[in-house]
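Since the structure comes first, as structure tokens, the remarks are kept for the end.
The values are calculated or read from the model by the stated rules, or taken from the named source; none is laboratory data. Just so it is clear, the model here is predicted, and its values are computed rather than measured. A quick note on method: Cβ atoms are made from the backbone with ideal geometry, for glycine too, and the neighbour counts reach across all protein chains shown.
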Amino acid sequence: MAPTVHRVGSFRYFFYSREETRMHIHVSHPDSEARFWLQPEVSLAENRGLSPRQLRTAERFVKDPHLELQNAWRAFFASGRTP
């Protein structure tokens with residue numbers, strides 16, 4: 001399961017229901033994807049094909065609502081799903 005948390009243009013922000021426990025968000029764009037840590041601060045964890053410009057845009061849209069993304073993570077996993 002990979003619930004969509006946020007969409008901006010052609011970027012989709014989501015997390016997988018059965019993945020590692022460190023709080024993070026995936027960002028997909030057609031044919032590419034990146035992953036950002038949400039704690040202790042927003043930082044790039046992995047990039048699979050986003051151009052430097054796309055990566056900057058993706059990161060900006062993680063940093064701006066990062067508290068909302070953290071709250072979505074907590075709410076999703078508090079409902080009994082395990083990362």
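Criterion first (surrounded by fewer than 16 Cβ atoms within 10 Å (Cβ to Cβ), on the phi < 0 side of the Ramachandran plot and in contact with a Lys or Arg (Cβ under 6 Å, 6 or more places away or on another chain)) does Ala78 satisfy it? Break it down stepwise before answering.
On the way: surrounded by fewer than 16 Cβ atoms within 10 Å (Cβ to Cβ): yes; on the phi < 0 side of the Ramachandran plot: yes; in contact with a Lys or Arg (Cβ under 6 Å, 6 or more places away or on another chain): no.
Spelling it out, it is not the case that Ala78 is surrounded by fewer than 16 Cβ atoms within 10 Å (Cβ to Cβ), on the phi < 0 side of the Ramachandran plot and in contact with a Lys or Arg (Cβ under 6 Å, 6 or more places away or on another chain).
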Exercise. Among the residues of region 1-16, which ones are within 15 Å of Ala75 (Cβ to Cβ) and either at pLDDT 95 or above or part of a loop (DSSP other than H, G, I, E, B) (or both)?
Worked result: Met1, Pro3, Phe15
Exercise. Can you spot a residue in region 19-31 that is touching a Gly at 6+ places or on another chain (Cβ under 7 Å) and either not basic (Lys, Arg) or not in a loop (DSSP other than H, G, I, E, B) (or both)?
Worked result: yes
Exercise. Can you name every residue in region 28-61 that is of a type outside the set (S, T, N, Q), touching a His at 6+ places or on another chain (Cβ under 9 Å) and under 17 Å from Val5 (Cβ atoms)?
Worked result: Glu33, Ala34, Arg35, Phe36, Trp37, Leu38, Val42, Ala45, Ala58, Phe61
Seminar exercise, completed: Given the conditions (1) at pLDDT 90 or above; (2) under 11 Å from the mean Cα position of the chain (by Cα), every one holds for Ala72 apart from (1)
For this session: Look through region 32-45, keep the residues that are of a type in the set (D, E, K, R) and not in a loop (DSSP other than H, G, I, E, B), and return whichever of them is surrounded by the fewest Cβ atoms within 10 Å (Cβ to Cβ).
Result: Glu33
Exercise. Restricting attention to region 46-69, does a residue exist that is surrounded by 18 or more Cβ atoms within 10 Å (Cβ to Cβ), assigned to a loop (DSSP other than H, G, I, E, B) and out of contact with any Gly (no Cβ under 9 Å at 6 or more places or on another chain)?
Worked result: yes
Problem set entry | Condition broken by Arg18, with the remaining ones in (1) touching a residue at least 24 places away in the same chain (Cβ under 8 Å); (2) of a type in the set (D, E, K, R); (3) within 15 Å of Gln70 (Cα to Cα) satisfied | (3)
Seminar exercise, completed: Of the listed residues (His29, His66), the one being in contact with a helix residue (DSSP H, G or I) (Cβ under 8 Å, 6 or more places away or on another chain) and in contact (Cβ under 8 Å) with a residue 24 or more places away in the chain is His29
Seminar exercise, completed: Only one of Glu46, Glu19 is within 23 Å of Phe77 (Cα to Cα), touching an Asp or Glu at 6+ places or on another chain (Cβ under 9 Å) and charged (D, E, K, R), namely Glu46
